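Asker: The structure's right below; bear with me while I get my questions together.
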Amino acid sequence: MLPARSRKTAWPTLTGSLEYYSRFCPRYAGVIDAPHQASSAFSRNPAARVAAPSSRRRGPGSTPHGRRSRDRVLQASLRLITEVGIDRVRLAEIARRAGMSSGQVMYYFTSKEHILLETLAWSEHEETRRRRAVLPEIAGPWRQLERFTDLYLPSGPADPAWILWTEAWARAPHDAEMSGFLDELMHPWYDDLAEIVHRGVQEGTFGLQVRTGDFTIGFCALLDGLAMIHLHQKPYLPRERLIELAMATARAQLTPAAPGDAGVNPVPIQD
């Protein structure tokens, strides 16, 4: 998920996006380039890009030029959300920033809402690539879990990906297709968290007392709640404190029981 930026900050090109995040975004300090990812369970399965729901398909962007054109629109959309908020995003301005006409934009997308949902899918795809690059470089499951938590939470109230998530969540209760789309976007987060937990249990660092799937769903739900607090700008609960609260909950559930403790029945890690 992408941090908020100053209006003066230049938006990265697609080819330079990883270098941009490493240099300018504190959340991604230390992120390595995708071609140099460490070989690990995090990178066994390449991040798949999820398609947003749409009433009809337009311009799939199957050629390199088409994909670049679509991604220019999505970058322009994300930057505009960061700068002016989602309510003030206009199709004409997205097109102008992408260097295209409104008609060209609508060749690839069916509506402004479709653009915004594809923007969310694109940002999550990029986030998964970055996350799976950085997590293998972190030693120890506790540190990996803390970094995962840091990457999950919004960087601030203007985090554009989280703004898009909250808008999509509002539609999901009455739209089964939207709900399925959001579930697909969450799968990489669940998978990466499960891998951290699996590693910790295998090493003896974690003592999981519930099924891995139950922990991953519960912990991500906790992070969603803490994210809402952060988006509501509670000055007495800074982001660092929210990370501490999340990790305190994780320690309560994952710290191995002392030898001889009664009533402890570790659950096998297989789901």
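Asker: What is the residue count in region 238-249 for residues that are outside any helix (DSSP H, G or I) and either surrounded by 15 or more Cβ atoms within 10 Å (Cβ to Cβ) or at pLDDT 95 or above (or both)?
Answerer: Residues that pass the stated criteria total 0.
Asker: Let me ask something else about it. Condition check: modelled with pLDDT under 95, over 23 Å from Leu231 (Cα atoms) and outside any loop (DSSP other than H, G, I, E, B). Does Ser69 satisfy that?
Answerer: Against the criterion (modelled with pLDDT under 95, over 23 Å from Leu231 (Cα atoms) and outside any loop (DSSP other than H, G, I, E, B)), Ser69 qualifies.
Asker: On to the next question. Looking at (1) under 17 Å from Ala121 (Cβ atoms); (2) buried (at least 16 other Cβ atoms within 10 Å of the Cβ); (3) at pLDDT below 95, find the lone condition where Met106 falls short.
Answerer: In the conditions (1) under 17 Å from Ala121 (Cβ atoms); (2) buried (at least 16 other Cβ atoms within 10 Å of the Cβ); (3) at pLDDT below 95, Met106 misses (1) alone.
Asker: Which is farther than 30 Å from Glu203 by Cα, buried (at least 19 other Cβ atoms within 10 Å of the Cβ) and of a type in the set (A, V, I, L, M), of Leu120, Leu135, Leu91?
Answerer: Matching residue, one of Leu120, Leu135, Leu91: Leu120.
The values are calculated or read from the model by the stated rules, or taken from the named source; none is laboratory data. Bear in mind that the values here come from a model prediction, so they are computed numbers and not experimental data. Ideal geometry is used to build each Cβ from the backbone, glycine not excepted, and the neighbour counts take in all protein chains shown.
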